[in-house]
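Each reported figure results from applying straightforward, stated rules to the coordinates on display, with no laboratory input. Remember, it's a predicted structure, so these values are computed and weren't measured experimentally. Cβ coordinates were reconstructed from backbone atoms using ideal geometry, including for glycine residues, and neighbour counts include every protein chain displayed.
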Amino acid sequence: MEKLIQILTECCPGIDFANETALIDDGLIESLDIVTIVSELMDAFGVDITVDDLTPENFNSAESMWDMIQRLK
């Protein structure tokens with residue numbers, strides 16, 4: 001999870017990924033941010049994130065992204 005927070009902070013500095021739970025709902029990250037994040041997560045964790053995985057539920061918080069990564073491994 002620490003590695004995930006580090007990656008997210010590098011992609012989108014200034015966002016408190018450790019505590020935010022509505023990243024998409026509150027407009028803190030946008031579609032271009034998600035493209036960058038998805039690319040970084042696939043490289044860092046060796047998972048394939050498909051179009052079906054690109055839902056707000058999977059990207060609203062670092063915890064939801066972590067859960068998705070664990071499911072995809």
Seminar exercise, completed: Flagged pairs (Cβ under 9 angstrom, 6 or more apart or on separate chains; first in segment 36-62, farther than 15 Å from Cys12 by Cβ and without any contact (Cβ under 8 Å) to a residue 24 or more places away in the chain; second surrounded by 19 or more Cβ atoms within 10 Å (Cβ to Cβ) and among the basic types (Lys, Arg)) are none
Seminar exercise, completed: For segment 20-32, pairs from a residue that is in a loop (DSSP other than H, G, I, E, B) to a residue that is crowded, with 16+ Cβ neighbours inside 10 Å and among the hydroxyl-bearing types (Ser, Thr, Tyr), with Cβ under 9 Å and 6 or more apart or across chains, are Glu20/Ser61; Thr21/Ser61; Thr21/Ser64; Ala22/Ser61; Leu23/Ser61; Leu23/Ser64
Seminar exercise, completed: In segment 23-43, residues that are surrounded by fewer than 14 Cβ atoms within 10 Å (Cβ to Cβ) and closer than 16 Å to Asp67 by Cβ total 0
For this session: Quickly run through segment 7-20 and pick out the residues that are within 17 Å of Ala44 (Cβ to Cβ) and either surrounded by 13 or more Cβ atoms within 10 Å (Cβ to Cβ) or among the β-branched types (Val, Ile, Thr) (or both).
Result: Ile7, Leu8, Thr9, Cys11, Cys12, Phe17
Problem set entry | Criterion violated by Val51 - all others in (1) surrounded by 17 or more Cβ atoms within 10 Å (Cβ to Cβ); (2) out of contact with any Cys (no Cβ under 7 Å at 6 or more places or on another chain); (3) aliphatic (A, V, I, L, M) satisfied | (1)
